[in-house]
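Q: Below you will find the structure I want to go over with you.
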Amino acid sequence: MKLIYTDQAPAAVGPYSQAVQLSNGFLYISGQLGFDPKTMVLGTDIQTQASQVLANINAILIAANYNKNNVVKTTILLKDINDFSVVNEVYETFFGLHKSARSTFVVKDLPKAGLVEIEIIAFK
């Protein structure tokens, strides 16, 4: 098990790693919030946060020598179901034609008052 860290994504806000890479080719990226990695400030709206979440995930993928086409499963946690369509648009812009498996859940609260959190499983 190899721990993945990059300063191009926010540091973990708890006792966990940004990602863990296994020798069998799987990469597990912890749930990412929309923090700007330089300021550790969340964007104020869902589009900004969703875009930043995916930028953070992309930075972690790159740090592990993976890319978005290696993503096999995505889990999205939303604070508000009314944000679903906006997050879908941002998600589709990021992934393009790549279509991984995906689940989306609405939750009561997210850490640090986030509006969206996304975790990824990748494989190569």
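The values are calculated or read from the model by the stated rules, or taken from the named source; none is laboratory data. Model, not experiment: these values are computed from the prediction. Here Cβ is always computed from backbone atoms with ideal geometry, including for glycine, and neighbour counts include all displayed protein chains.
Q: Does residue 61 qualify as being touching a residue at least 40 places away in the same chain (Cβ under 8 Å), part of a helix (DSSP H, G or I) and either among the aliphatic types (A, V, I, L, M) or farther than 16 Å from residue 118 by Cβ (or both)?
A: Yes, satisfied.
Q: Looking for whichever is at positive phi and at pLDDT 95 or above here; the options are 82, 65. Which one fits?
A: So the residue among 82, 65 that is at positive phi and at pLDDT 95 or above is 65.
Q: Moving on. Any idea which residue in region 1-14 is surrounded by the most Cβ atoms within 10 Å (Cβ to Cβ), counting only those that are out of contact with any helix residue (DSSP H, G or I) (no Cβ under 7 Å at 6 or more places or on another chain) and under 15 Å from residue 112 (Cα atoms)?
A: 12
Q: Okay, next question. How many of the residues making up region 103-124 are in a helix (DSSP H, G or I) and charged (D, E, K, R)?
A: Adding up the residues that qualify gives 1.
Q: Among the candidates 79, 99, 73, which residue alone is touching a residue at least 40 places away in the same chain (Cβ under 8 Å) and among the basic types (Lys, Arg)?
A: Selected residue: 73, the only one of 79, 99, 73 that is touching a residue at least 40 places away in the same chain (Cβ under 8 Å) and among the basic types (Lys, Arg).
Q: Next question, about the same structure. Is there a residue in region 19-42 that is at positive phi, of a type in the set (A, V, I, L, M, F, W, C) and either loosely packed, with under 15 Cβ neighbours inside 10 Å or at pLDDT below 95 (or both)?
A: Checked region 19-42: at least one residue is at positive phi, of a type in the set (A, V, I, L, M, F, W, C) and either loosely packed, with under 15 Cβ neighbours inside 10 Å or at pLDDT below 95 (or both).
Q: Hey, another quick one. Restricting attention to region 68-102, report how many residues are touching a Gly at 6+ places or on another chain (Cβ under 9 Å) and assigned to a strand (DSSP E or B).
A: Total meeting the criteria: 2.
Q: A further question follows. Would you mention how many residues in region 53-92 are crowded, with 17+ Cβ neighbours inside 10 Å and charged (D, E, K, R)?
A: So the count comes out to 3.
Q: Restricting attention to region 26-37, does a residue exist that is touching a residue at least 24 places away in the same chain (Cβ under 8 Å) and in a helix (DSSP H, G or I)?
A: no
Q: Return the residues of region 76-124 that are under 27 Å from residue 4 (Cβ atoms) and of a type in the set (Val, Ile, Thr); say none if nothing qualifies.
A: 76, 87, 90, 93, 104, 107, 116, 118, 120, 121
Q: Taking region 102-124, which residues are over 19 Å from residue 10 (Cβ atoms) and in contact (Cβ under 8 Å) with a residue 40 or more places away in the chain?
A: Of everything in region 102-124, those that are over 19 Å from residue 10 (Cβ atoms) and in contact (Cβ under 8 Å) with a residue 40 or more places away in the chain turn out to be 121, 123, 124.
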